[in-house]
Amino acid sequence: MSIALVINSSYTFLLTGFPGLEWAHHWISIPVFSVYLAAIMGNCTILHIIRTDPSLHQPMYYFLAMLASIDLGLCVSTMPMVLGVLWLDLRGIHLHACVLQLYVVHSFSYMESSMLFAMAYDRFVAITNPLRYSTKLTSSRVVKITVILGFRSTMLIIPPVVRLLWFSYCRQNTLSHSYCLHQDLICLSCSNTKFNSFYALTVILLSMDSDLLFILLSYTMIFRSVLAIASHKEQLKVLNTCVSHILAVLCFYVPVLGLTIVHRFAKHSSPIIHIVMGNVYILFPPLMNPIIYSIKTQQIRRAIVRVISLRQAR
């Protein structure tokens with residue numbers, strides 16, 4: 001095995017830009033870079049607002065700050081490499097760097113799913129048991145929830161990721177995206193990948209699928225509680241506090257579902273579809289989450305307006 005690891009350490013994969021559109025890579029990079037920059041600025045703004053505004057030092061906004069940090073991690077771990085391919089045709093990536101990147105990408109993806117679940121729990125407690133909200137979701141409990149979910153997201157995927165370093169790669173070395181994903185390396189390996197395939201499916205069921213299930217259950221109970229409220233106006237007011245989170249869930253899970261469908265059921269479709277879906281999967285949630293919470297959350301909106309007014313006053 002040690003010999004195989006030494007051989008693999010020098011193995012280089014080739015990242016993919018937009019096949020057949022190499023002449024347009026510089027033009028394609030303009031919207032990609034614009035969205036990347038907007039996502040970075042938006043999430044940094046959310047983090048700055050929450051850190052500097054004492055009125056936002058509440059569990060809901062702590063979870064939102066974690067979501068913004070995860071979105072930043074997803075962007076920073078992938079987009080510089082994507083832009084390197086588009087701008088400078090820097091396509092080569094060594095095995096160890098590729099494995100590290102896919103570990104980070106998948107970890108952040110699972111963490112985003114976990115954080116959306118934690119935010120659903122926050123809404124569930126706030127709506128179904130508002131009088132005990134402050135006692136159930138204390139700052140220390142928020143930290144514990146975040147640590148546990150983060151630990152789950154980063155530790156569960158270590159076994160299959162480490163195994164990638166020992167695989168033999170005797171097929172073509174061209175990846176299907178501009179960054180590394182677990183399923184790409186599995187497809188290029190000529191070793192026995194049954195463990196990785198089975199384990200990856202199990203992790204998805206234990207993390208993303210279970211998170212989505214718990215989110216749906218939380219909202220089922222939330223809607224039951226809301227329907228018990230007599231006033232239609234009050235019902236709408238309570239449900240309005242959930243709109244931002246529901247939109248964030250859709251922004252994350254719809255691209256994940258789209259990428260999964262493309263990988264599993266559209267293998268022979270145009271490579272450009274795979275690449276576009278891969279970039280949407282990485283960029284869409286980090287771009288949309290700050291916009292959604294800035295528009296739909298009154299406290300965030302007011303804080304942003306206050307910061308802008310102070311800067312203009314100076």
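The values are calculated or read from the model by the stated rules, or taken from the named source; none is laboratory data. Everything numeric here is computed off the predicted structure, so don't read it as measured data. Neighbour counts run over all protein chains shown; Cβ positions are idealised from the backbone, glycine included.
Tell me, which residue of the range 41-50 that is surrounded by 18 or more Cβ atoms within 10 Å (Cβ to Cβ) and more than 17 Å from the chain's Cα centre (by Cα) is nearest to V142 (Cα to Cα)?
Per the criteria, the residue is I50.
Condition (residue is among the hydrophobic types (A, V, I, L, M, F, W, C) and out of contact with any helix residue (DSSP H, G or I) (no Cβ under 8 Å at 6 or more places or on another chain)) applied to the range 94-103: is it met by at least one residue?
Within the range 94-103, one or more residues are among the hydrophobic types (A, V, I, L, M, F, W, C) and out of contact with any helix residue (DSSP H, G or I) (no Cβ under 8 Å at 6 or more places or on another chain).
Just wondering, is there one or more residues in the range 257-272 that are under 25 Å from T78 (Cβ atoms), among the aliphatic types (A, V, I, L, M) and crowded, with 18+ Cβ neighbours inside 10 Å?
Within the range 257-272, one or more residues are under 25 Å from T78 (Cβ atoms), among the aliphatic types (A, V, I, L, M) and crowded, with 18+ Cβ neighbours inside 10 Å.
Quick grid of which residues meet (1) in contact with a helix residue (DSSP H, G or I) (Cβ under 8 Å, 6 or more places away or on another chain); (2) at pLDDT 90 or above; (3) within 16 Å of P19 (Cβ to Cβ):
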| site | (1), (2), (3) |
| --- | --- |
| L236 | no, no, no |
| L239 | yes, no, no |
| L247 | yes, yes, no |
| L250 | no, yes, no |
| Y253 | yes, yes, no |
| F265 | no, no, no |
| H268 | no, no, yes |
| H274 | yes, no, yes |
| I282 | yes, yes, no |
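For (1) under 23 Å from the mean Cα position of the chain (by Cα); (2) farther than 30 Å from V162 by Cα; (3) modelled with pLDDT of 95 or more, each residue gets a yes or a no:
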| position | (1), (2), (3) |
| --- | --- |
| T16 | yes, no, no |
| L37 | yes, yes, yes |
| Q58 | yes, yes, no |
| S69 | yes, no, yes |
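Return the total of residues in the range 125-171 being out of contact with any helix residue (DSSP H, G or I) (no Cβ under 6 Å at 6 or more places or on another chain) and more than 28 Å from F108 (Cβ to Cβ).
So the answer is 8.
Closer than 30 Å to R91 by Cβ and of a type in the set (A, V, I, L, M, F, W, C): is that true of L137 in this structure?
Taking the combined requirement at face value, the residue does not satisfy it.
Considering only residues of the range 155-168 that are out of contact with any His (no Cβ under 9 Å at 6 or more places or on another chain) and under 13 Å from L206 (Cα atoms), which is surrounded by the most Cβ atoms within 10 Å (Cβ to Cβ)?
L156
Yes/no per residue for (1) surrounded by fewer than 17 Cβ atoms within 10 Å (Cβ to Cβ); (2) among the hydroxyl-bearing types (S, T, Y):
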{"residue": "A39", "(1), (2)": "no, no"}
{"residue": "T52", "(1), (2)": "yes, yes"}
{"residue": "M81", "(1), (2)": "no, no"}
{"residue": "W87", "(1), (2)": "yes, no"}
{"residue": "S107", "(1), (2)": "no, yes"}
{"residue": "M119", "(1), (2)": "no, no"}
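Here's a check for you: in the range 131-149, which residue that is among the hydrophobic types (A, V, I, L, M, F, W, C) and modelled with pLDDT under 90 is farthest from the chain's Cα centre (by Cα)?
Among residues in the range 131-149 that are among the hydrophobic types (A, V, I, L, M, F, W, C) and modelled with pLDDT under 90, the one farthest from the chain's Cα centre (by Cα) is L131.
Please determine whether any residue of the range 211-230 is assigned to a helix (DSSP H, G or I), loosely packed, with under 12 Cβ neighbours inside 10 Å, at pLDDT below 85 and more than 23 Å from the chain's Cα centre (by Cα).
Within the range 211-230 (the criterion being assigned to a helix (DSSP H, G or I), loosely packed, with under 12 Cβ neighbours inside 10 Å, at pLDDT below 85 and more than 23 Å from the chain's Cα centre (by Cα)), the answer is yes, since at least one residue qualifies.
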